[in-house]
Amino acid sequence: MTSREQVRRWRGYLADERAEALVYRDLASRRTGADRDILLELAEAEGRHEQHWVALLGTEADRPTRVGLRTRLLGLLARRFGSVFVLALLQRAEGRSPYEDEADATPRMAADERIHEEVVRSLAMRGRARISGTFRAAVFGANDGLVSNLALVLGVGAAGADAALVLVTGIAGLLAGALSMGAGEYVSVSSQRELLAASTPSPQSADALTRIDFDRNEVALVFRARGMTEADAEAAAGEVLRERESPRLPADDVDVETVGTPFGVALSSFAFFASGALIPILPYLIGLSGALAVVLAAGLVGLALLASGAVVGVLSGAPMLPRALRQLLIGYGAAAVTTLLGLVFRAAGI
């Protein structure tokens, strides 16, 4: 006999399978080539799972339960953005599949969900690689702005400065930090790209392979210089000799584009540091002072730190709450140190 609890559970699974299939189709409609085909195949697999629950439910399949908030959010994001953010959420959704512990699901369905997690992880990984440089700069910039300017504002305020001086100090900290971040990231990324580019074989060397005489040992030396064992280098050299019509030299598995462009990363760092550093001084900009301004500044920065940590958790495929709390504790810890120092200075009459 089918229990009422089973029917309720099956109807929930049915609603989620239908919604997730729709999310995959929405994403596929915004992609081309292999990515589009992969997403459509994932949608078809969700459709097979849907039919399993339809068969079990019979007439009850006409009354699926309300789709869960998580799945509705995925659908909304897929229709609005269709980005790596959605793929990261889908990765976590597939990884939390209940089918392994569900007696009424087939072993193949449970295996499908695990495979889906890896497929989506691979799709999301490409997007993460494309945005990693600029995203890193944005996250670091925003968090540095939030934490450093909150610590600066609270420290100066705790030392006894009036609201006008706190505001001027906060604005100076915003500009100084944003300019420093932008310049530092420009130099850092430029240097990193130059180092990676220096490890890439030159086009002239690859072109020369069709015009010069060489033997297997000479080519093998190139591979051995890049870290291969002697046996692997010999095998790779043989492959190069067989492909002389379209030669290529071995390259390290690096891509200078994944670190971002110097100007793009610098601009991102500047903008996000400034936007983060603006939040602690908002209460002073609207004329507040004293304890009310401090509490409001700390509260606004806390919310921003939680949001920043949650976004990092989503895009990295990690749990959101621990990442959000980590950001919050780091920010408040730094602010507590400078506030204590300001109170000491105030007590000492400095």
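For the reader, a short list of remarks on this structure follows.
- The distance between label points at residue 343 and residue 191 comes to 3.9 nm (points 7 Å beyond Cα on the Cα→Cβ vector).
- Loop-resident trypsin sites (Lys or Arg not before Pro) (DSSP state other than H, G, I, E or B) in the range 5-34 with no more than 15 further Cβ atoms inside 10 Å of their Cβ: 30, 31.
- Surrounding net charge for residue 309, when Lys and Arg each add one and Asp and Glu each subtract one, Cβ distance under 11 Å: +2
- Taking the three principal axes of the alpha carbon atoms in the range 265-350, the coordinate ranges are 49, 26, 25 Å, sorted in descending order.
- Environment charge at residue 36 (Cβ cut-off 14 Å; Lys +1, Arg +1, Asp -1, Glu -1): -1
- Label point distance in nm, residue 114-residue 172, each placed 7 Å from Cα along Cα→Cβ: 6.1 nm
- Derived scalar couplings between HN and Hα for the range 342-349 equal x, 5, 5, 4, 5, 5, 7, x Hz in order, rounded to whole Hz, by the Karplus curve 6.51 cos²θ - 1.76 cosθ + 1.60 (θ = phi - 60°), x for Gly and Pro.
- Once the chain from residue 225 to residue 103 is taken as fully extended at 0.36 nm per residue, the excess over their C-alpha distance is 38.4 nm.
Rule-based calculations on the coordinates, nothing more; no lab input. Everything numeric here is computed off the predicted structure, so don't read it as measured data. In this analysis, Cβ positions are derived from the backbone assuming ideal geometry, glycine residues included, and neighbour counts consider all displayed protein chains.
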